[in-house]
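The values are calculated or read from the model by the stated rules, or taken from the named source; none is laboratory data. Predicted, not measured: the structure shown is a model, and the values here were computed from it. Positions of Cβ are generated from backbone atoms using ideal geometry, with glycine treated the same way; all protein chains shown enter the neighbour counts. In case anyone asks, the SASA skips ligands and DNA or RNA and just uses the protein heavy atoms, side chains included. Shrake-Rupley method; radii C 1.70, N 1.55, O 1.52, S 1.80 Å.
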Amino acid sequence: MVRIGRIGIVLVIAAALAAGQFSPAAGAGYKTVIQFGVNRAADNLDPVTQDANPNIWAFMQIYQQLVRVNVAGDGFIPDLAEHWTVSSDGKTWTFSLRQDAKFSNGDPVTADDVVWSLQRAHDLDGPWQWALDPVQSIVAMNDHTVAMVLKQPWAPFLADVSLFSNSILSAKAFRGATSQDISNKPVGSGPFMMTAWKKGDEIDMQANPSYYGKGLPRTHELHIRYIPDDNDRMIALQAGDLDGIDYPPFAQVSVLQRDPRLDVQLNPSTAVAHVLLNVTAAPLNNVKFRQALAYATDRSGIVKAVCYDNCVPATSFLPLTTPYFDKGLKAYTYDVAKAKQLIAESGVATPVTLTVIEQSGANDANTAATLLKNMWAQIGVTLNLVPLDRATAIARMRALDYQVTVGGWTNDVPDPSELAAYEFDFVTAKSYHTGYHSAAMDKLVADGMTVLDPAKRRQIYYQMQELAIQESPLIWLYYAPYTVAINKNMHGFVQMATGPWLFQNVTVAQ
């Protein structure tokens, strides 16, 4: 367990309470601790080196960015930067920092912290390094002004700056620190600060006494508890041991909705479920074979069986809410005859066996894999389902040591460039760990970032969606809402369309 100066923190909190900084909401009649149960545990709280939602959604309670995505996930609002300007040539962005922001250790947030944090994110080899690739220089103009000069105008630059990997860390606390040090002892300027971390079990946070949001957070402590079993998580909620849980399974949504004590939410999201295919080896390196699998996939059947009709069959790699989503895209239909025709044209001899690696606890994905096993059997493709623990499954996926796996994505910014880069740029993440590489797609991905005219960008992303359908390095299954269940005594909880939870306004009545 990682513990961070608990006695010192308690003294600081006590002083803040005495000064009346925190809201009295956590007084009589209200709980002082929010207990929130999650299905996946955080394992890395360094914003730059990690790439999983459990990490992001936890450290976003602690860290801030210059600008952030709004709750609806369709625009940007100030965060540490009160305002910003861009030069007439589109290459120099100047950010003016708010002067009352402080880290949880009491140090003010300055331009030096911004420069150090963003330079680290720019230089460090990690899954999100591409987000600052267009940056030529980052300069502190004074204590509260930062200028970023780009190599060329960059259409999604504000979206890239808002990305979680570009969180602002304390340069004083972390200059010279390892990624592990940063992960284990985060120091941010957000509403909460971490006080204890029992890895694989629980992250405990307390209100940041230096947070500029007066009276926030309204509840002093937040405990994020890892309970991987869906039933155990739901039982703990119904028993009152938890105030809220993430991802109650779709199969149990109607059951929970009948409990008068609970509020079950199906929140708007940017989530898309998909099948990853390792296209670097036969038979999945054969595009007609991949197309056959796509035609043999009954998306409506999967939506009914996995989501109980709470999801929408996917037509594109882009989530429905993403700018430049092509509503008229000619996507795959469920057509077994067409799939068999493509199998014959591919030259792949059937029957053929593919191995699917499954993550333990990923119930919806594993249910989808079982359904695919039955669907693809109709065209002579046998699926061998191999359950693995999450860490092993992810390691094998990243090493391209797999054939098929079912997973999902959530957009973190209201721009298609993030997902396009992660999913189709080989350098970024081996094209979402599929090994897919296409010169034509590379050009579209690059053009989508450098072309500024919105109408032209739209056509670029339309072409990209068409090419993705043709090449099918992934098979897109469905668009899903975020499922959350909370006690009705819990008020003020918000989940952003991009996924992170907002707890700073939460109160829980006794």
| message | Checking the structure you have, find out if any residue of segment 265-273 is open to solvent by 70 Å² or more (accessible area, probe 1.4 Å), in contact (Cβ under 8 Å) with a residue 12 or more places away in the chain and hydroxyl-bearing (Ser, Thr, Tyr). | response | no
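For every residue, the table says whether it meets (1) within 21 Å of Pro228 (Cβ to Cβ); (2) surrounded by 23 or more Cβ atoms within 10 Å (Cβ to Cβ).
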site	(1), (2)
Lys31	no, no
Thr49	no, no
Pro54	yes, no
Gln61	yes, yes
Phe76	no, no
Ala81	no, yes
Thr85	no, no
In segment 86-126, anything in contact with a strand residue (DSSP E or B) (Cβ under 9 Å, 6 or more places away or on another chain), hydroxyl-bearing (Ser, Thr, Tyr) and within 26 Å of Met496 (Cα to Cα) is listed as Ser96, Ser104
Note on Lys330: of the conditions (1) in contact with a helix residue (DSSP H, G or I) (Cβ under 6 Å, 6 or more places away or on another chain); (2) of a type in the set (D, E, K, R); (3) under 16 Å from Leu477 (Cα atoms), unmet is (1)
Checked segment 225-242 for anything open to solvent by 30 Å² or more (accessible area, probe 1.4 Å), part of a helix (DSSP H, G or I) and modelled with pLDDT of 95 or more; matches are Asp232, Ile235, Gln238
When segment 95-112 is checked residue by residue, the ones that are outside any strand (DSSP E or B), closer than 15 Å to Leu66 by Cβ and either open to solvent by 10 Å² or more (accessible area, probe 1.4 Å) or hydroxyl-bearing (Ser, Thr, Tyr) (or both) are Arg98, Gln99, Thr110, Asp112
Verdict on Leu276 being touching a Pro at 6+ places or on another chain (Cβ under 9 Å) and either assigned to a loop (DSSP other than H, G, I, E, B) or farther than 23 Å from Pro500 by Cα (or both)
yes
The number of residues in segment 241-262 that are over 23 Å from the mean Cα position of the chain (by Cα) and not small (Gly, Ala, Ser) is 11
Practice task
Would you be able to say whether some residue in segment 373-393 is more than 22 Å from Gly301 (Cβ to Cβ), open to solvent by 70 Å² or more (accessible area, probe 1.4 Å) and either among the basic types (Lys, Arg) or touching a Leu at 6+ places or on another chain (Cβ under 6 Å) (or both)?
Solution key: no
Just one listed residue, out of Asp259, Asp246, Asp263, Asp181, is touching a strand residue (DSSP E or B) at 6+ places or on another chain (Cβ under 8 Å), farther than 30 Å from Leu383 by Cβ and acidic (Asp, Glu), and it is Asp263
Note on segment 296-332: residues surrounded by 14 or more Cβ atoms within 10 Å (Cβ to Cβ), part of a loop (DSSP other than H, G, I, E, B) and more than 24 Å from the chain's Cα centre (by Cα) are Ala296, Thr297, Asp298, Leu329, Ala331, Tyr332
Note on segment 1-28: residues modelled with pLDDT of 50 or more and either touching a strand residue (DSSP E or B) at 6+ places or on another chain (Cβ under 6 Å) or closer than 24 Å to Trp501 by Cα (or both) are Ala25, Ala26, Gly27
Being assigned to a loop (DSSP other than H, G, I, E, B) and surrounded by fewer than 17 Cβ atoms within 10 Å (Cβ to Cβ) narrows Gly200, Gly190 down to just Gly200
For Ala155, the lone unmet condition from (1) over 16 Å from Thr92 (Cα atoms); (2) open to solvent by 30 Å² or more (accessible area, probe 1.4 Å); (3) out of contact with any Asp or Glu (no Cβ under 7 Å at 6 or more places or on another chain) is (1)
Original post:
Can Tyr482 be described as part of a loop (DSSP other than H, G, I, E, B), out of contact with any Cys (no Cβ under 6 Å at 6 or more places or on another chain) and open to solvent by less than 30 Å² (accessible area, probe 1.4 Å)?
Top reply: no
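Residue-wise test of (1) closer than 24 Å to Asp74 by Cβ; (2) surrounded by fewer than 17 Cβ atoms within 10 Å (Cβ to Cβ); (3) of a type in the set (Lys, Arg).
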| site | (1), (2), (3) |
| --- | --- |
| Trp409 | yes, no, no |
| His433 | no, no, no |
| Val451 | yes, yes, no |
| Gln463 | yes, no, no |
Pairing a residue in segment 92-104 that is closer than 17 Å to Ser167 by Cα and touching a residue at least 60 places away in the same chain (Cβ under 8 Å) with any residue that is buried (at least 22 other Cβ atoms within 10 Å of the Cβ) and of a type outside the set (A, V, I, L, M, F, W, C), where Cβ atoms lie under 7 Å and the two sit 6 or more apart in sequence or on different chains, gives Ala101/Ser189; Lys102/Ser189; Phe103/Ser170; Phe103/Gly188; Phe103/Ser189; Ser104/Gly188; Ser104/Asn208
